[in-house]
């Protein structure tokens, strides 16, 4: 959880605990206290009622820590909760901070980890109630997220977790070993390799395909986009070409890991907007580095303008890292050239 944390309290004792906690949660932590308790001159924000301020802050913070009764918090949350993939972390504490309860978004939202941080800072006890944690079993959505994988179908997680809690192994289809070694090291025997017909199962695949019956489908960060464009090209044209190319090549958009280009494009607004919209990290390479890469389709045009015979193909291959290979040679629209490489990154 990289986003800042909002801290709330309803009583004087809770306010003192909140003030003790804030420094431990980083510079982005902000305090929200009742009007009678808030020290606004110290940067604390005053509120009249909890529910409206929590609603106003809901999407702006990655975590919410409340020194309040659980019932009050639950009622305030009733209209805000969406799903476990998008809800922020919520931790509820007693006023003195003796217990920090992970209430919502324990795994993907980071509430379990946040509860442990709160308890450590206040000398209290973290209360974690998620079943897999209690049983010492992996939370696959969290393990996947930590490894940079994205979940295609979160609803399938329930069947996989139920099998693990019942003591049944879950078949793993991960031929490129994005997760297999880690799972076997930390939970030996729970995830045997098996054929695609196993149910339930976990699949790791960058190819565009629907999940198999009973399969939790994970998308690894395996696809690296190399992109060149004319100055001022709109993000819509870039996204349209990318969407078409991925569909034609049978590649999952959720497996896109990064976007790379020439250093001359590092300030290109459309390119940066595409990376932001697709949640891709960006890399930019100088002309000499790009020109040193052997590509299947070199061209004199980028060499005249940028000093390299290739932008899209070369950038994709560099970003893909050692062992990278082109899956899609350069494709063009009116103002955009792109290529896609497979790799584990640099």
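The values are calculated or read from the model by the stated rules, or taken from the named source; none is laboratory data. Only a predicted model underlies this, so the values are computations on that prediction, with no experimental measurement involved. In this analysis, Cβ positions are derived from the backbone assuming ideal geometry, glycine residues included, and neighbour counts consider all displayed protein chains.
List of remarks:
- Qualifying residue in region 206-219 (condition: closer than 30 Å to residue 290 by Cα, under 18 Å from the mean Cα position of the chain (by Cα) and either assigned to a strand (DSSP E or B) or assigned by TED's automatic domain parsing to the domain that holds residue 306 (or both)): yes
- Residues (out of contact with any helix residue (DSSP H, G or I) (no Cβ under 6 Å at 6 or more places or on another chain) and not in a loop (DSSP other than H, G, I, E, B)) located in region 66-86: 70, 71, 72, 73, 74, 75, 77
- Residue in region 34-44 that is buried (at least 18 other Cβ atoms within 10 Å of the Cβ), without any contact (Cβ under 8 Å) to a residue 24 or more places away in the chain, within 23 Å of residue 117 (Cβ to Cβ) and touching a strand residue (DSSP E or B) at 6+ places or on another chain (Cβ under 8 Å) present: yes
- Among the candidates 314, 273, the residue that is touching a helix residue (DSSP H, G or I) at 6+ places or on another chain (Cβ under 6 Å), assigned to a helix (DSSP H, G or I) and buried (at least 22 other Cβ atoms within 10 Å of the Cβ) is uniquely 314.
- Qualifying residue in region 50-57 (condition: touching a strand residue (DSSP E or B) at 6+ places or on another chain (Cβ under 9 Å), part of a helix (DSSP H, G or I), within 18 Å of residue 95 (Cα to Cα) and without any contact (Cβ under 8 Å) to a residue 40 or more places away in the chain): no
- Residue identified as outside the structural domain of residue 146 (by TED's automatic domain parsing) and either in a loop (DSSP other than H, G, I, E, B) or touching a strand residue (DSSP E or B) at 6+ places or on another chain (Cβ under 6 Å) (or both) among 23, 95: 95
- Taking (1) free of Cβ contacts under 8 Å to residues at least 12 places away in the same chain; (2) closer than 18 Å to residue 151 by Cβ in turn, residue 137 satisfies each apart from (1).
- Counting only residues that are out of contact with any strand residue (DSSP E or B) (no Cβ under 8 Å at 6 or more places or on another chain) and buried (at least 16 other Cβ atoms within 10 Å of the Cβ), region 72-83 holds 2 of them.
- Comparison of 142, 137 shows that the only residue that is surrounded by 13 or more Cβ atoms within 10 Å (Cβ to Cβ) and within 20 Å of the chain's Cα centre (by Cα) is 142.
- Among the residues of region 51-71, those that are surrounded by 15 or more Cβ atoms within 10 Å (Cβ to Cβ) and more than 19 Å from residue 96 (Cα to Cα) comprise 51, 53, 54, 57, 58, 61, 62, 63.
- Region 8-18, residues that are without any contact (Cβ under 8 Å) to a residue 60 or more places away in the chain and either under 11 Å from residue 121 (Cβ atoms) or crowded, with 17+ Cβ neighbours inside 10 Å (or both): 15, 18
- Any hit, region 181-201, residues being more than 22 Å from residue 314 (Cα to Cα), crowded, with 22+ Cβ neighbours inside 10 Å and in contact with a strand residue (DSSP E or B) (Cβ under 6 Å, 6 or more places away or on another chain): yes
- With respect to (1) under 29 Å from residue 139 (Cβ atoms); (2) under 24 Å from the mean Cα position of the chain (by Cα); (3) modelled with pLDDT of 95 or more, the lone exception for residue 1 is condition (3).
- Tally of residues being over 14 Å from residue 127 (Cα atoms) and surrounded by 21 or more Cβ atoms within 10 Å (Cβ to Cβ) across region 90-114: 2
- Among the numbered conditions (1) free of Cβ contacts under 8 Å to residues at least 24 places away in the same chain; (2) in contact with a strand residue (DSSP E or B) (Cβ under 9 Å, 6 or more places away or on another chain), the only one that residue 340 does not meet is (1).
Rundown of residues vs (1) surrounded by fewer than 15 Cβ atoms within 10 Å (Cβ to Cβ); (2) more than 30 Å from residue 331 (Cα to Cα), yes/no style:
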site: 151; (1), (2): no, no
site: 165; (1), (2): yes, yes
site: 175; (1), (2): yes, no
site: 208; (1), (2): no, no
site: 214; (1), (2): no, yes
site: 227; (1), (2): no, no
site: 236; (1), (2): yes, no
